[in-house]
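Some notes on the structure that comes next.
The values are calculated or read from the model by the stated rules, or taken from the named source; none is laboratory data. Because the structure is a prediction, the values reported are computed rather than measured. Cβ placement follows ideal geometry from the backbone for every residue including glycine, while neighbour counts extend to all protein chains displayed. Remember, those area values only see protein heavy atoms, side chains included, never the ligands or the DNA or RNA. Shrake-Rupley method; radii C 1.70, N 1.55, O 1.52, S 1.80 Å.
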Amino acid sequence: MNSLPESSWVFPADPKSNYLAHQEEIDAAVLGVLNSGFYILGKEVSAFESEFARYLGSAHVSGVGSGTEALHLALRACGIGAGDGVITVSHTAVATVAAIELAGGSPILVDVDRETLTIDPNRVEEVIKRYQGGEAAAKTRIKAIIPVHIYGQPADMVAIMEIARRNDLKVIEDCAQSNGAAIDGRKTGTWGDVATFSFYPTKNLSALGDGGALATNNRDIADRANLIREYGWQERYISDIPGFNTRLDEVQAAILRVKLRYLDAENDRRREIAREYDARLTPTGFKLPKSRDGLKHVYHQYVIRSSHRDELKQFLASRHIGSLIHYPMPVHLQPAYRGRLGDFGSLPQTEEAAGEILSLPMFPEISSEQINSVSDAILEFEQ
Ligand SMILES: *Cc1c(COP(=O)(O)O)cnc(C)c1O
């Protein structure tokens, strides 16, 4: 194959094009910070925290170093530690599960719903029963659930909150992929006790480096999180409780303040792109993403399913179209975790999905021409 210049590829995601779309404002914001002399937890971070809290409809936001650290901090702020079980999915970024162990907890992984690929409330009920009494209960007490709004599609929060209330469990929403998504007009991140966000450069609201946030309406959780994120300091150099260090820096906060103003418009554009893919690909045999009624899906990814996924991925690459798999191996099967986590039964939907899913190019700056060439290539592959 002749190698074409890089620019002839359709990338699966394109953080640079998002920077260029807002370059003047971002450059000015960054220069402002460089000249301010304050680089960590200063006025840009405070301003971003209040603006993001207002955007979400949440009382408190704390800027932190990454989405993984936001999850770790949220768990600790909820009092989760050694011997505590935390229910989540295996169909997620490994960060969700890694954070549970960072906090000292034990991940209990459940299967996802076949249609939405978000946590299946029935499986949550089942695993709670399985851990009531017996050997499992003696070792691990279930304390929390982390629903992941994977691909920008909200999980079934009404069902999850009802189960949590009945079983006295904390709910930590992993909103790394769902910034701006909503259920009946109420944003993801405002349903559970606390929510976490990632501003990794490809996420819907992204920094130009690492960043994350924790959001909550619970004053106690917010206060504890703010202590833990900086060594447990109320007063400088005096630790009230054991903490660590996960701080958002001023440069990233200034960039996020610019980009937050465009988040809704860019999410609208993502939904428009999804509709274009839907229209072009509906006649094919591929299973297209499906959203439940009343949900505002923000298409962090547009994920199709095919039993010929690997061949399709290769074919697209031969046409200079990049695609990705989110994620190729469920967490419970990865070498770091296999055979080591608790006894939570089999995860057939998760394992089947991992072999079939493919994320098509999706970013606000993709052109209609590029969407067409992706769609044309998929149609051609099917013939
Ligand atoms: C990206 C992501 C994270 C981790 O965020 P980082 O900022 O990369 O640490 C956690 N959970 C999910 C679902 C993610 O997509």
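Points to keep in mind about this one:
- Using a cutoff of 8 angstrom between alpha carbon atoms and counting only pairs six or more residues apart, the relative contact order for the chain works out to 23 percent.
- Whole-percent carbon and sulfur share, accessible surface of the chain, 1.4 Å: 49 percent
- Interchain or long-range residues, amide H under 5 Å from I87's placed H: I108, K143, A144, I145, I146
- Over every Cα atom in the range 267-352, the radius of gyration and the widest Cα-Cα span, Dmax, amount to 16.1, 44 Å.
- Antiparallel DSSP beta bridges within the chain, percent to nearest 5: 60 percent
- Accessible area (Å², 1.4 Å probe, nearest 10) - R280: 70 Å²
- With θ taken as phi - 60° and the Karplus curve 6.51 cos²θ - 1.76 cosθ + 1.60 applied, the whole-hertz 3J(HN,Hα) list for the range 300-306 is 4, 10, 10, 10, 9, 10, 8 Hz, x standing for glycine and proline.
- Across the chain, Cα-Cα pairs more than 27 Å apart make up 49 percent of the total.
- Over the Cα atoms of the range 119-187, the radius of gyration divided by the Kirkwood radius equals 1.03; this is the Rg/Rh ratio.
- Partners for K16 among aspartates and glutamates (Cα-Cα distance below 18 Å; same-chain residues under 8 apart left out): E6, E24, E25, D27, D210, E266, E365
- Applying a DSSP loop filter and a limit of 10 other Cβ atoms within 10 Å to the chymotrypsin sites (Phe, Trp or Tyr not before Pro) in the range 199-257 leaves Y237.
- Taking every C-alpha pair closer than 8 Å and separated by at least 6 residues, the mean separation divided by the residue count of the range 1-105 gives a relative contact order of 19 percent.
- Loop-resident trypsin sites (Lys or Arg not before Pro) (DSSP state other than H, G, I, E or B) in the range 165-196 with no more than 12 further Cβ atoms inside 10 Å of their Cβ are absent.
- In the chain, the calculated helix contribution to ellipticity at 222 nm averages -12000 deg cm²/dmol per residue, counting -39,500 (n - 2.57) for every DSSP H run with n ≥ 4.
- By the combined test of axial Cα extent (at least 18 Å) and Kyte-Doolittle hydropathy (mean at least -1.0), the qualifying DSSP H helices of the chain come to 23-36, 43-56, 368-382.
- Solvent-accessible surface of the range 4-59, averaged per residue with a 1.4 angstrom probe and all protein chains in place: 59 square angstrom.
- Extension gain (nm, one decimal) between R338 and R236, 0.36 nm per residue minus Cα-Cα: 32.5 nm
- The H on the amide N of G192, modeled in the peptide plane, is under 5 Å from the matching H of E173, each at least 5 residues off or on a different chain.
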